[in-house]
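This report refers to the structure that appears directly beneath it.
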Number of protein chains: 2
Amino acid sequence: MSKSLLVLGPAETAACCSPLSSQPLSAQQAGQVAPLLKALADPVRLRLMSLVASHAGGEACVCDLNDAFDLSQPTISHHLKVLHDCGLLDREKRGVWVYYRARTEALASLGALIGSASP
Amino acid sequence: MSKSLLVLGPAETAACCSPLSSQPLSAQQAGQVAPLLKALADPVRLRLMSLVASHAGGEACVCDLNDAFDLSQPTISHHLKVLHDCGLLDREKRGVWVYYRARTEALASLGALIGSASP
DNA sequence: CTTGAACATCGATGTGTGTCTATGTCTGAT
DNA sequence: ATCAGACATAGACACACATCGATGTTCAAG
């Protein structure tokens with residue numbers, strides 16, 4: 001079966017709407033955006049996201065990320081999977097190593113949705 | 001005991017730092033920001049926040065909010081308390097009614113922290 | 001083919017959370 | 001003083017989640 005219609009992750013279709021303060025979010029919109037926020041609403045995942053996004057080259061290897069935390073390797077792997085599944089992190093395997101890359105457009109859309117001052 | 005030193009809620013001291021992609025978040029910073037995101041990371045609370053923020057006059061009465069959901073009154077009250085406790089919502093009682101107001105500066109700080117494209 | 005390293009998946013466990021019903025606390029009106 | 005309405009709190013319960021150790025999978029090297 002073809003996956004050609006699903007090249008875009010959930011993050012692309014969720015946060016591309018008007019800011020919170022401009023008009024009420026529909027139940028459906030809220031249901032799409034909330035999972036993205038939930039993925040970020042964990043101290044470890046927030047730091048992971050920040051580490052990957054601010055890393056040189058725009059990507060970071062899992063081995064580097066593991067060392068930055070006092071947690072087990074499966075736990076870090078789990079958090080990375082959460083961020084990847086909701087479309088906030090891209091994943092690429094090169095040899096034995098796996099590199100993650102932040103989806104800055106998704107982050108930008110989310111940020112724009114949350115914070116937009118009204119006059 | 002005086003509360004004069006606590007006029008500012010948690011939201012003011014949490015999200016006033018550099019964007020995610022510029023430099024790695026410290027564990028302490030992540031620990032301060034995550035609760036704010038966790039408060040927003042629920043479809044009901046996200047809609048509540050949006051309803052209050054986009055409401056005429058910048059504030060909304062609880063009775064109005066209750067009618068917008070198919071949930072019990074205590075449940076809505078609980079969600080409003082979560083948003084209020086983390087500093088995203090201001091609370092004011094006038095007569096029998098209670099009005100909530102969105103802290104747009106807190107929302108703006110959070111949005112800026114999450115979404116900021118890097119060159 | 002075997003070994004070791006990098007990473008993911010699985011199953012278990014304690015803790016957190018969203019929701020409800022029932023009850024409490026104000027406040028204005030009768 | 002009593003009553004009714006608006007909202008908060010308390011307790012209970014089902015479910016989700018963060019974490020771990022153990023195990024599986026994939027790949028490169030020897």
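The values are calculated or read from the model by the stated rules, or taken from the named source; none is laboratory data. Everything quoted here is computed from the prediction, not taken from an experiment. Here the Cβ positions follow ideal geometry from the backbone for every residue, glycine too, while neighbour counts run over all protein chains shown.
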Across region B:34-66, which residue is surrounded by the fewest Cβ atoms within 10 Å (Cβ to Cβ) among those that are near DNA strand D (Cβ under 9 Å from one of its atoms) and farther than 16 Å from A:Ala30 by Cβ? B:Cys63
So, in region A:88-108, exactly how many residues are within 27 Å of B:Ala102 (Cβ to Cβ) and more than 7 Å from chain B (Cβ to nearest Cβ)? 3
Take A:Val7 and decide whether it is modelled with pLDDT under 95 and surrounded by fewer than 20 Cβ atoms within 10 Å (Cβ to Cβ). yes
When region B:29-68 is checked residue by residue, the ones that are touching a residue at least 24 places away in the same chain (Cβ under 8 Å) and acidic (Asp, Glu) are B:Asp42, B:Glu59
Boolean, A:Leu71 is within 14 Å of DNA strand C (Cβ to nearest atom), of a type in the set (A, V, I, L, M, F, W, C), touching a strand residue (DSSP E or B) at 6+ places or on another chain (Cβ under 7 Å) and free of Cβ contacts under 8 Å to residues at least 60 places away in the same chain: no
Could you list, in sequence order, all residues of region B:74-118 that are aliphatic (A, V, I, L, M) and in contact (Cβ under 8 Å) with a residue 40 or more places away in the chain? B:Val82, B:Leu83, B:Leu88, B:Leu89, B:Ala102, B:Ala106, B:Leu107, B:Leu110, B:Ala112, B:Leu113, B:Ile114, B:Ala117
Mind checking which residues of region A:81-119 are out of contact with any strand residue (DSSP E or B) (no Cβ under 6 Å at 6 or more places or on another chain), of a type in the set (A, V, I, L, M) and within 11 Å of DNA strand D (Cβ to nearest atom)? A:Val82, A:Val96, A:Val98
Collect the residues in region A:67-78 that are near DNA strand D (Cβ under 7 Å from one of its atoms) and touching a Phe, Trp or Tyr at 6+ places or on another chain (Cβ under 9 Å), keeping them in residue-number order. A:Thr75
